[in-house]
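Heads up, the thing below is written out as structure tokens.
The values are calculated or read from the model by the stated rules, or taken from the named source; none is laboratory data. If you're wondering where the values come from, they're calculated on a predicted model, not measured in any experiment. Heavy atoms of the whole protein, side chains included, go into the accessibility calculation; ligands, DNA and RNA do not. Shrake-Rupley method; radii C 1.70, N 1.55, O 1.52, S 1.80 Å.
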Amino acid sequence: MNDYGQFVLSIKKKTGIDLALYKEAQMKRRLTSLYEKKGYQSFSTFFDALNSNQDMMNEFLDRMTINVSEFYRNAKRWEVLEEKILPRLMKENSRLKVWSAACSTGEEPYTIAMVLSNIMPLSKVAVQATDLDLNVIQKAKIGFYSERALAEVPESVKKKYFHKEGQYFKVAEDIKKTVAFKQQNLLSDRFDSGYDLIVCRNVMIYFTEEAKDELYQKFNAALRPGGVLFVGSTEQIFNPERYGFEAEDTFFYKKI
Ligand SMILES: C[S@@+](CC[C@H](N)C(=O)[O-])C[C@H]1O[C@@H](n2cnc3c(N)ncnc32)[C@H](O)[C@@H]1O
């Protein structure tokens with residue numbers, strides 16, 4: 001077995017994370033540049049170092065998961081959500097159960113809560129937010145952001161739901177209270193069910209076709225009939241019917 005193949009097996013044994021479900025060329029490139037930066041020559045010597053040094057392991061976990069996010073990412077999509085998708089979901093259900101899957105540092109689940117607050121009382125909303133990476137979950141719970149993360153936030157929302165503290169912007173407590181964070185691996189853990197809306201954006205691009213196939217099916221099973229999967233702007237699903245979905249709008253898939 002080659003150096004990378006053995007590394008993938010060792011990491012799976014040590015952490016439960018299966019790197020074989022991520023696109024290989026991309027992942028290999030990212031990790032090679034990390035171990036070279038640290039002065040290692042191969043995946044096998046790198047693994048020995050990770051195995052005996054928790055800080056290095058944390059840095060590896062941080063590098064393998066790309067955590068970039070922002071509030072109202074691709075703002076036009078959030079308008080479609082607010083103006084077209086949510087009104088239908090609310091007609092069908094007076095309380096909404098929503099999941100931000102691969103939520104990173106919290107910008108996405110907090111955006112969901114902000115958008116929902118425009119059209120219904122937050123007491124009727126439960127937003128769950130999950131990510132593989134515990135570091136980002138910790139940051140998400142703190143809820144402090146630099147101005148860069150707020151570039152697409154409408155001015156009225158910025159006034160209503162953010163407090164400036166020094167250089168940072170703090171998310172308002174009533175928005176924070178709506179979101180519950182938890183660690184979860186989308187590729188191996190079981191999913192809750194009965195969701196009206198699942199938002200999973202900008203993570204599936206890193207997964208292999210086989211991993212995506214399985215994930216679409218698991219998302220479908222986790223939604224109630226009529227519930228919607230909202231994906232990232234480069235993550236259109238070809239043949240959504242294969243997985244029990246129909247396109248309700250670009251990047252929004254309704255469970256049939
Ligand atoms: C680029 S961020 C996307 C954040 C947000 N959804 C957005 O669109 O702005 C990708 C996130 O996926 C997470 N991730 C990667 N692999 C994962 C897995 N197997 N299970 C759950 N989350 C994962 C990473 O930790 C990272 O926070």
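Here the chain exposes an accessible surface that is 49 percent carbon and sulfur, computed with a 1.4 Å probe and the other protein chains kept in place. In percent, rounded to a whole number, the relative contact order of the chain is 17, using alpha-carbon pairs under 8 Å and six or more apart. Accessible surface of residue 253, taken over heavy atoms with a 1.4 Å probe and every protein chain present, rounds to 10 Å². Calculated accessible area for the chain comes out at 49 Å² per residue, all protein chains present (probe 1.4 Å; ligands, DNA, RNA ignored). Report summary: the helix-based calculation at 222 nm, which adds -39500 (n - 2.57) for every DSSP H run with n ≥ 4 and divides by the residues of the chain, gives -12500 deg cm²/dmol.
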